[in-house]
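Below is one structure; the comments refer to it alone.
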Amino acid sequence: MGLLATRRILLGLGGGIAAYKAPELVRRLRDAGAEVRVVMSAAAARFVSKLSLEVVSGFPVGDDLWSTDDARIVHTDLARDSDLVILAPATADLIGKIRHGLADDLLTTTVMAAKTPVLVCPAMNTEMLDNPLVQDNIAHLRSLARYTFLEPGVGLLACGITGPGRQPDPPEIIEAAAAVLADKDLRGLAAIVSAGPTREPIDPVRFIGNHSTGTMGFAIARALAARGATVTLVAGPVSLRTPVGVARRVDVETADEMLAALTELWPSTDFLAMTAAVADYRPAQRSQEKIKKTDASGDSAMPPTLALARTPDILKTLAARPDRSRVMLLGFAAETHDVIDYAKAKLVDKDLDAILANRVGVPESGFGPGDNIGTLVFRDGTFVEFARAPKELFADALVAALAPRLTHLARRSAHA
Ligand code: PMT
């Protein structure tokens, strides 16, 4: 089941060039499990064909308030039969009309009649976006609980300018939609997720690293934020976009830097999920210059011997703090064999509250952007097994399994 399983989404298209991306968005929403109906303005119909949208959505597409062609496309029915309205692209005109309560076509009357949350994805030329009238309209709608805005991306726009105004890609819109619909049972929880590898420099060119891509940690950060937690992501060197809803991202490179970042964040933390694959060793000495393959005379040099030193054990260091019992510590154990036994030993050794025993070194689980398999073991010996799933869904299932304990922490923080 996808992130939006069984949800009924009404996708409204304003008349902007980004409307041409709508068929792909519809397809991705359906892949995520949603049923999608589309309503478009007359101007949107100039940028994308109604037929394409009918084919990808599997439903008739509404574009005419006065049409009697299809009795099913009635604005009040469309509004009532959806869990969420997504406006993408939300043009300056569409945002302005909604802000001022204007409803003169099928799209605006549908939004007017809807009682569901509305996810607004502004997409327009940078100068239009910067216009104080548009900003005022956005600020007003933002102040109303019903409307959630997804920040437009920065990029090359159709007008040839590079700047803010680009419609975010479908995965970002889907994340935001799932977050709008999720229960906010973790509101008040201050969570940190560490993700990705660390890099321990040998010289300015080379480093010791590992295969972690950060995918698992970023997905957990997204899942926690979707349920209302205030999430700080401490990320090693990865090339991933910060998930929708994550409050803050701190980028680090080495184990020492990760420890420093987590130590600074610790006093205001309720929960730490340590998915990062922290290097256990670093070069004892870092060369300030590139180590050459040849010696001074130009002959091949002997391969250097790399002396290694231990990096700090971050979880152990944090668990030794006097206020440790205030924070729930979740470790991850990446193992190639005897996964659960090693994980249980690490849970005790590092004084954790729970650990995710994670099989690595096999194609169906572990490192990379694909799937994961694991067993969550709690300190009291209870455990939850997770079948193979894409990491986004794995993260949702993991956070759901942790939720009873996390909601308790969230309530404690709310009353503090
Ligand atoms: O990033 P992806 O490509 O999505 O891959 C995800 C993952 C496989 C990296 C992730 O799911 C995972 O298993 N992370 C744990 C990796 C790891 O370092 O495991 P470990 O068994 O070596 O360490 C046990 C725990 O101690 C981990 O929580 C680790 O963050 C922590 N640790 C390790 C070393 C160290 N010096 N300090 C630590 O705190």
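Based on DSSP loop calls and a cut-off of at most 10 other Cβ atoms within 10 Å, the longest stretch of the chain free of exposed GluC sites (Glu not before Pro) is what? Result, exposed sites excluded: 1-288.
With each label modelled as a point 7 angstrom along the Cα→C-beta vector, the S52-H140 pair spans 3.3 nm.
Dipole magnitude for segment 8-181: about 200 debye, using +1 per Lys or Arg Cβ and -1 per Asp or Glu Cβ, origin at the Cα centre. At the listed q of 0.11 Å⁻¹, the Debye profile of segment 247-362, built from one uniform point per Cα, gives log10 I(q)/I(0) equal to -0.51. Partners of K21 within straight-line reach, counting lysines whose Cα lies under 19 Å from its Cα and excluding those fewer than 8 residues away in the same chain: K50. Anything over 22 Å Cα to Cα? Flag those among K316/K346; K115/K184; K184/K350, in the order listed. Going by Cα-Cα distance, K184/K350 fall outside the 22 Å limit.
With the Cα gyration tensor of segment 8-181 in hand, convert its eigenvalues to equivalent ellipsoid semi-axes via √(5λ) and list them largest first in whole Å.
Ellipsoid semi-axes (Å, largest first): 23, 18, 16.
As an exercise, find the ratio Rg/Rh for segment 290-415 from alpha-carbon atoms, using the Kirkwood inverse-distance average for Rh. With Rg and the Kirkwood Rh in hand, the quotient comes to 1.17. Label zone of R324 (point 7 Å out along Cα→Cβ, amide N under 13 Å): in segment 336-356 this covers 347-354. Centre-to-centre, using Cα atoms only, segment 168-218 and segment 34-52 are separated by 33 Å.
A cut-off of 5 Å between modelled amide H atoms, ignoring neighbours fewer than 5 places along the same chain, links F207 with I202.
Proximity of backbone amide H atoms, modeled 1.01 Å from N, is registered between Y281 and T311 at under 5 Å, excluding neighbours fewer than 5 places apart on the same chain.
Taking the Cα centre of the chain as reference, the dipole from Cβ charges on Lys and Arg (+1) and Asp and Glu (-1) amounts to some 620 debye. The residues V362, V85, V205, sorted by heavy-atom accessible surface at 1.4 Å with ligands and nucleic acids left out, run V205, V362, V85 from largest to smallest. With every protein chain left in place, what is the accessible area per residue of the chain in square angstrom, probe 1.4 Å? That works out to 47 Å² for each residue. Extension gain for T162-A345 works out to 60.6 nm (0.36 nm per residue, less the C-alpha to C-alpha distance).
Rounded to the nearest 10 square angstrom, S52 shows an accessible area of 50 square angstrom against a 1.4 Å probe. Working note: Cα atoms of segment 137-263, range along each principal axis, descending, whole Å: 52, 43, 21. Quick one, could you list the DSSP H helices from the chain stretching 24 Å or more along their long axis (Cα atoms) with average Kyte-Doolittle hydropathy of -0.5 or above? Result, helices passing both filters: 391-415.
Using R0 = 30 Å, the C-beta based FRET efficiency linking A42 and E151 works out to 0.65. With all protein chains in place and a 1.4 Å probe, the accessible surface of the chain carries 54 percent carbon and sulfur. In µm²/s, what is D for segment 192-244 at 4 °C and 1.567 mPa s, where D = kT/(6 pi eta Rh) by Stokes-Einstein and Rh is the Kirkwood radius from Cα pairs? Stokes-Einstein gives a translational diffusion coefficient of 109 µm²/s. Per the Debye calculation on the chain with a single equal scatterer at every Cα and no solvent contribution, log₁₀ I(q)/I(0) for q = 0.06, 0.08 Å⁻¹ amounts to -0.31, -0.53. A protection proxy built from the mean count of other Cβ atoms within 10 Å ranks the segments 128-136, 180-188, 15-23, most packed first, as 15-23, 180-188, 128-136. In terms of its C-alpha gyration tensor, segment 18-116 has a rounded overall shape, because the principal axis ratio a/c (a ≥ b ≥ c, square roots of the eigenvalues) stays below 1.5.
The values are calculated or read from the model by the stated rules, or taken from the named source; none is laboratory data. Nothing here was measured: the structure is a model prediction, and the numbers come from that model. Every residue, glycine as well, gets a Cβ built from its backbone with ideal geometry; the counts of neighbours run over all protein chains shown. When the accessible area is computed, the model is the full protein with side chains, heavy atoms only, and any ligands, DNA or RNA have been set aside. Shrake-Rupley method; radii C 1.70, N 1.55, O 1.52, S 1.80 Å.
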